[in-house]
Amino acid sequence: MEDMQNEVKFSRYAETRNYVTDIDLEEFIKLYVNHRPASGISRQELCNAFQVLGKPDEEGRYAIDRDELL
């Protein structure tokens, strides 16, 4: 977790001399992909992510709009 925070914090420091405190979803996904556990994620962890990022559909299942995700 500390490595990810430092990667974000110093990502633009050389260019701007300012620390980065916020990232958008695209940057978050790139960060996660680069730092995810080598063994992968469980089905439950993936479902939890959809509940946090997604919206319930007509059947109550959580989904993320593809264009919105990209």
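The values are calculated or read from the model by the stated rules, or taken from the named source; none is laboratory data. All values derive from a computational prediction rather than experimental measurement. Cβ placement follows ideal geometry from the backbone for every residue including glycine, while neighbour counts extend to all protein chains displayed. Surface accessibility is based on the protein's heavy atoms, side chains included, excluding ligands, DNA and RNA. Shrake-Rupley method; radii C 1.70, N 1.55, O 1.52, S 1.80 Å.
Add +1 for every Lys or Arg and -1 for every Asp or Glu among the other residues with Cβ under 15 Å from the Cβ of K55, and state the total. Taking every other residue near K55 into account, the sum is -4. Across the chain, the mean sequence separation of Cα contacts (distance under 8 Å, 6 or more residues apart), normalised by length, yields a relative contact order of 19 percent.
Once the other residues with Cβ under 12 Å from the Cβ of I23 are scored (Lys, Arg +1; Asp, Glu -1), what is the net sum? Its environment carries a net charge of -2. Of the residues Q44, I64, Y19, the one whose Cα sits farthest towards the positive end of the charge dipole of the chain is Y19 (charges of +1 on Lys and Arg Cβ, -1 on Asp and Glu Cβ, taken about the Cα centre). Computed over protein heavy atoms with a 1.4 Å probe, the carbon and sulfur contribution to the accessible area of the chain reaches 50%.
For the chain, the equivalent ellipsoid derived from the Cα gyration tensor has semi-axes of 29, 16, 9 Å, listed largest first. Excluding ligands, DNA and RNA, the accessible surface per residue across the chain is 90 Å² with a 1.4 Å probe. Here the sum of -39500 (n - 2.57) over DSSP H runs of 4 or more residues, divided by the residues of the chain, equals -14000 deg cm²/dmol at 222 nm, to the nearest 500. Charge tally around L70: other residues with Cβ under 14 Å, Lys/Arg +1 each, Asp/Glu -1 each, net -4.
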